[in-house]
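See structure below.
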Amino acid sequence: MVTINKIKSMKQKEKIVCLTAYDYLFAKLLDESGIDIILVGDSAANVFAGEETTLPITMTEMLYHTRVVARAAQHSLVIADMPFLSYQVSMNQAVYNAGRFLKVGAKGVKVEGAEPLVPTIQRLVELGIPVMGHLGLTPQSVHKFGGYKLQGRDEKSAQKMIKDAKLLESSGCFAVVLEKIPSSLAKEITSELKIPTIGIGAGPYCDGQILVLHDILGLFEEFQPKFVKRYAQLAPEIRQAVLQYKDEVKKGIFPDQKHSYD
């Protein structure tokens with residue numbers, strides 16, 4: 001099984017492969033495929049529940065998704081996204097909620113942001129709760145950014161991100177996600193840190209990559225960010241299968257004798 005220490009040791013030696021999952025069947029397929037990290041992302045709010053942002057998803061919902069994903073994972077490291085307002089209000093609340101994720105099977109949690117969260121991250125790590133950081137485009141701050149925009153484009157914001165990445169490392173994070181930032185900035189951050197960087201829309205120089213499973217399978221069709229590569233186009237195939245089933249039922253073709261009991 002992939003462990004936190006294994007992920008840390010992979011930096012500059014072997015690329016780390018990560019994908020999201022929210023249910024047992026998909027998580028089982030990812031686990032059987034040897035994916036290093038399965039992130040139970042709060043992106044479930046978008047691709048699973050149809051919300052416009054990640055903000056509405058709750059602890060109860062995230063705990064359910066985490067429980068079923070963890071049940072499937074025999075090899076992959078399962079990390080759970082802490083949803084909006086589950087860790088920002090108080091340190092005690094953050095500790096309690098992070099602990100709940102570990103109780104249902106996660107091996108660590110992911111939080112968004114840096115400087116204001118340093119004491120919280122330190123406390124979680126002290127208590128034995130591994131933490132993955134997240135910088136750049138942090139979806140829980142979408143309204144602050146005014147949309148899903150590229151981050152770290154100017155020198156001031158780039159330098160702040162480098163500083164924040166070092167803060168996360170010194171706070172005890174075992175890895176940090178870099179989302180939607182220039183590849184040159186991601187390269188610099190990756191070279192500055194001793195912990196792995198996991199890119200999503202951050203170019204090829206990160207220590208690993210993560211994408212949303214529904215994006216790479218062509219299941220989520222609402223939009224396709226530049227950084228998403230479709231490795232399959234399953235939505236049209238699913239529609240075709242459903243239409244064929246519908247047609248056969250309407251015409252009395254299904255079920256036939258082969259699919260019936262005597």
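Where a number appears in this text, it was derived from the coordinates with a stated rule and is not lab data. Source: prediction; values computed, not measured. Using ideal geometry, Cβ is built from the backbone for each residue, glycine included, and neighbour counts are taken over all protein chains shown.
For this structure, a couple of remarks:
- Counting beta carbons within 10 Å around each of Y96, Y87 and listing the fewest first gives the order Y96, Y87.
- With the helix formula -39500 (n - 2.57) applied to DSSP H stretches of n ≥ 4, the chain reaches a computed 222 nm mean residue ellipticity of -12000 deg cm²/dmol.
- Cα-based helix-to-principal-axis angle, 234-251 vs the chain, degrees rounded to 10: 20 degrees
- Karplus-derived 3J(HN,Hα), 6.51/-1.76/1.60, for each residue of the range 47-52, Hz, glycine and proline x: 7, 9, 9, x, 7, 6
- Contour excess over end-to-end distance, with Cα ends at Q233 and E51 and 0.36 nm allotted per residue: 63.3 nm
- Within the chain, percent of DSSP bridges classed antiparallel, to nearest 5: 5 percent
- For the range 120-180, the normalised intensity computed at q = 0.27 Å⁻¹ comes to -1.10 (log10 of I(q)/I(0), Debye sum over alpha carbons, equal scatterers, no solvent).
- Debye equation applied to the C-alpha atoms of the range 4-231, log10 I(q)/I(0) at 0.11 Å⁻¹: -0.48
- Here the calculated FRET efficiency for D23 and E155, from their Cβ-Cβ distance with R0 = 41 Å, stands at 0.45, rounded to the nearest 0.05.
- Helix 91-103 axis, angle to the chain major axis (alpha carbon atoms, nearest 10°): 40 degrees
- If you model the range 1-63 as an ellipsoid using its alpha carbon gyration tensor, with each semi-axis the square root of five times an eigenvalue, the axes come out at 26, 13, 10 Å, biggest first.
- Label-point separation in nm, K250 to K15, each point 7 Å along Cα→Cβ: 4.5 nm
- Considering only Cα atoms, the convex hull volume of the range 116-262 works out to 182 Å³ per residue.
- Counting only alpha carbon atoms, the long axis of helix 59-72 and the longest principal axis of the chain meet at about 70°.
- Cross-link pairs K160/K187; K15/K187; K28/K226 - those with Cα-Cα distance over 25 Å: K28/K226
- Estimated inter-spin distance, V242 and H259, nm [label 7 Å along Cα→Cβ]: 1.6 nm
- Mean separation of Cα contacts under 8 Å, 6 or more apart, over the residue count of the chain: relative contact order %: 16 percent
- Sorting D215, D31 by the number of Cβ atoms found within 10 Å of their own Cβ, with the fewest placed first, yields D31, D215.
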